[in-house]
There are 2 protein chains.
Amino acid sequence: MAGISNNYEDVFKKRRELKKSELNLLDKDELITKVIQLQAQNEQLQRLVYLNEKTEKNTPKKKKEGRQFNFTKFAKRHVFLQIAYLGWDYLGYVTQDHSERTIEAELFKALTKTCLIESRETANYHRCGRTDKGVSAFFQVISIDLRSQVSSSLGVYIPEGHTAKDEEEEMDYIGILNRVLPKEIQVIAWAPVEQGLSSRFDCKKRTYKYFFPKADLDIQAMREASQYLLGTHDFRNFCKMDVGNGVINYTRNILQLTIDAPTGDDSYNMCELTIQGQAFLWHQVRCVVAILFLIGQRKENPDLVKELLDVDKNPRKPQYSMASEIPLILFDSSYEGIEWKHNQQSLKTTIKHFQELWCNYAVRATMLNKIMATLSSISVPGNLEMNKLNSQILIEGVESKVYKPIMKRQLCDSLEQKMEHFAKRFKHKN
Amino acid sequence: MAGISNNYEDVFKKRRELKKSELNLLDKDELITKVIQLQAQNEQLQRLVYLNEKTEKNTPKKKKEGRQFNFTKFAKRHVFLQIAYLGWDYLGYVTQDHSERTIEAELFKALTKTCLIESRETANYHRCGRTDKGVSAFFQVISIDLRSQVSSSLGVYIPEGHTAKDEEEEMDYIGILNRVLPKEIQVIAWAPVEQGLSSRFDCKKRTYKYFFPKADLDIQAMREASQYLLGTHDFRNFCKMDVGNGVINYTRNILQLTIDAPTGDDSYNMCELTIQGQAFLWHQVRCVVAILFLIGQRKENPDLVKELLDVDKNPRKPQYSMASEIPLILFDSSYEGIEWKHNQQSLKTTIKHFQELWCNYAVRATMLNKIMATLSSISVPGNLEMNKLNSQILIEGVESKVYKPIMKRQLCDSLEQKMEHFAKRFKHKN
């Protein structure tokens, strides 16, 4: 805020507008000078307006001449990196429009700034899976070829034209990157891997967690419904179909689905849903959670899950809003034969960063709790029930006056209809 | 973001700058027209830059002709309003530069939009006390004259030229305002009051609360230090002196100062500091908390408080950062003979809004907790101590390698020096 005000004064210096009568008194040269001056001020203002949302005031600097890093003196190493990030204020791991405000953009800024890679194109980079806007991760894995200071070890290779250093220990990848990354994106571990190992296709299992307050939910009903989701099923009614991107097989295998709820009646207690699968469909977890919430609210029966999994009977997905993305986190990605290496000092610093962030949120939550408790106590007749947390806050979208059961709602196109639609478009283009 | 881009194109329509050679070809009239055009564009841009943090895209609309509300058909009523607000994302209750992003600005938007007042100038408005940027309130009180639909009752008067309605019950001030206010600003209660009663000067006591996690603080030491602050003292070393605004008396009376800390060892447990006084100095609570934190960290002794209260011995305040504003909330303002009226339905809705906000923060805090616990468990040798909350996160500013005791730090100007400085400046101006 201070930055903006300063610019305002710098740029304008209490300049005032001249009236037409005053302008008439100036000669042509003076007028031309004025126009040039105003055009320059205009340009500065335009830049201020346009760049106002950028966190950096400067445009990214290109590498300066004469400061070029000599990558040819180093070998390269094929590694996996475990990245943790809080995605709440980001536009996603990656976006269609290659926006700057993504996890991936920050990662590459750090990788290039630290000269761990020469460029994205030459880094042999693959990601594990994309997370959407607002979604977080504890175990996002990327595979990438980093500069190495050893000459031979698992994953190390010497590109043509390169020589290699011969240090005893590898570079402190974690420490180097974390020092330049923002606090909400941290490298947790790294692992040297054989060439050809892919962070995306060699992932055996993925685990997501979803956090929500108990409110007035019937956790038992939610658990009953969860059981029906286990195993191999066609989950087309529990996701956003992505036919345009070639996804036509909606069969997935859910290995685990549990809900950890603390004992006791406090509606403000936090619950933790854990869901593990080999691979997930787009928005699958959020759709599953949305349905479980309706069941927990007793607006739907646990049998609804069975109905939605019966794609022969119900080939078209009823319209319902998926759950919020904020409480969702990719918590584990497991691989075979990977030896993750940590840096104890970095772990400490990472924990410290997260403690600061935790404090920000926890203090606000506590203040709100206090306010709500006081409001309940002044209600008549001192009705503490008023403070019980209402599960409706977990449901996205505007609450309709009369609840419409899922099986009575409007239906989306079926998979076959969507495939036909894309086939026509494809034909039309050619 | 979209709004800004649209404006950008609207305003500039791919206009390009004219070079001096091109300008020479124009005659004087054309140049004058250009200057006026550029001045207008400049002004629009200035507004865009200046107002970029506004939540609304439109400038406040003026009342349209023919839609004028006829205030002369109503009496007016002198009332107190109890306002609660979460100040975290606002620039303060009010700002020097009359920025729009303040609590007061939102209040007046609501008051004028609902035609409860005709204008700020004719509303006989007084505030209780200002809260700074980021500070919240549960019990901010304003006094103001609102439109009334009754003809005679406490606080009601019929201005010259007005007639009065004669309803049985007063307007639902709380409901009317809360429907147009943002969720984080809510009217809790109203009270009809006699003319001449001031929300600021008739306030008998004010209570602030400050929330912080226990971390590794020595709460007992903090409580011991708190005792020394009770009673009437000169608090110049526990505030930011405001000589420029005429404050030369730093004697205040602290009626209560307690710290509520839950039993048990969990460093993540929240503590609640409550401080009550008749009136407070600028930043007094934040300065008190900052000193108490240092004592809680065992970097200072509880006796430090006695030193700082001894203004004869220590007339100049040592430099130290005040505590963060986020956890601070004006929790109670008490008056004599006021009968606060609530609206049960509004209370319910207000609680619902705050529940939604609570959920946002609580979920994030829980997710961070889970991440930190997992990080601690992968540390070697599985050192859960690593997860213990470090109180350093509560201390503002960069931590220096070697702690400098308060009594050894650089000193600010004394009250006398500041008074002399302002006296000179005043003389100089005249």
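Quick notes
- A:V402 being without any contact (Cβ under 8 Å) to a residue 24 or more places away in the chain and part of a loop (DSSP other than H, G, I, E, B): yes
- Enumeration of residues in the range B:264-283 that are surrounded by 17 or more Cβ atoms within 10 Å (Cβ to Cβ) and out of contact with any Lys or Arg (no Cβ under 7 Å at 6 or more places or on another chain): B:Y268, B:M270, B:I275
- Any pair with Cβ under 9 angstrom, 6 or more apart, that starts in the range A:338-366 at a residue that is more than 25 Å from B:M270 (Cβ to Cβ) and hydrophobic (A, V, I, L, M, F, W, C) and ends at one that is part of a helix (DSSP H, G or I) and at pLDDT below 95: A:W340/B:I378; A:L347/B:L375; A:L347/B:S376; A:L347/B:I378; A:L347/B:M386
- Any hit, the range A:204-226, residues being out of contact with any Ser or Thr (no Cβ under 9 Å at 6 or more places or on another chain), on the phi < 0 side of the Ramachandran plot, in the same structural domain as A:M322 (by TED's automatic domain parsing) and among the hydroxyl-bearing types (S, T, Y): no
- A:A221 out of contact with any Cys (no Cβ under 6 Å at 6 or more places or on another chain), hydrophobic (A, V, I, L, M, F, W, C) and touching a residue at least 24 places away in the same chain (Cβ under 8 Å): yes
- Positions within the range A:124-177 being outside any loop (DSSP other than H, G, I, E, B) and farther than 30 Å from B:N369 by Cα, in sequence order: A:D145, A:L146, A:R147, A:S148, A:V156, A:Y157
- Test result for B:L308, crowded, with 22+ Cβ neighbours inside 10 Å and over 23 Å from B:D216 (Cβ atoms): yes
- Set side by side, the residues B:V247, B:V289, B:V305 differ, and just one is aliphatic (A, V, I, L, M), touching a residue at least 40 places away in the same chain (Cβ under 8 Å) and either in the same structural domain as B:G92 (by TED's automatic domain parsing) or closer than 25 Å to B:I103 by Cβ (or both), which is B:V289.
- In the range B:186-219, the qualifying residues are those that are β-branched (V, I, T) and within 14 Å of chain A (Cβ to nearest Cβ), and the one that is farthest from B:S334 (Cα to Cα) is B:V187.
- Residue check for B:K388: farther than 26 Å from A:E339 by Cα, within 12 Å of chain A (Cβ to nearest Cβ) and out of contact with any helix residue (DSSP H, G or I) (no Cβ under 8 Å at 6 or more places or on another chain): yes
- Among the residues listed as B:V305, B:V311, B:V285, the single one being touching a strand residue (DSSP E or B) at 6+ places or on another chain (Cβ under 6 Å) and in a helix (DSSP H, G or I): B:V285
- Residue within the range B:330-338 that is charged (D, E, K, R), part of a loop (DSSP other than H, G, I, E, B) and surrounded by 20 or more Cβ atoms within 10 Å (Cβ to Cβ) present: no
- Looking across the range B:405-430, just one residue is under 13 Å from B:S321 (Cα atoms) and part of a helix (DSSP H, G or I), and that is B:I406.
- Output for the range A:311-329, where each listed residue is over 20 Å from A:A279 (Cα atoms) and surrounded by 15 or more Cβ atoms within 10 Å (Cβ to Cβ): A:N314, A:P315, A:R316, A:K317, A:P318, A:Y320, A:S324, A:I326
- Test for B:L347: is it of a type outside the set (K, R), under 30 Å from B:G155 (Cβ atoms), within 11 Å of chain A (Cβ to nearest Cβ) and surrounded by 14 or more Cβ atoms within 10 Å (Cβ to Cβ): yes
- For the range A:350-373, filtered to residues that are over 28 Å from A:V180 (Cα atoms) and touching an Asp or Glu at 6+ places or on another chain (Cβ under 9 Å), the residue that is farthest from the other protein chains (Cβ to nearest Cβ) is A:K370.
- Residue match in the range B:407-416 (condition: touching a helix residue (DSSP H, G or I) at 6+ places or on another chain (Cβ under 9 Å) and loosely packed, with under 15 Cβ neighbours inside 10 Å): yes
- Filter result for B:T366 (hydroxyl-bearing (S, T, Y) and either touching a Cys at 6+ places or on another chain (Cβ under 9 Å) or closer than 23 Å to A:Q82 by Cα (or both)): yes
The values are calculated or read from the model by the stated rules, or taken from the named source; none is laboratory data. This one's a predicted model, so the numbers in the text were calculated from it and none came from an experiment. Positions of Cβ are backbone-derived with ideal geometry, glycine not excepted, and every protein chain shown enters the neighbour counts.
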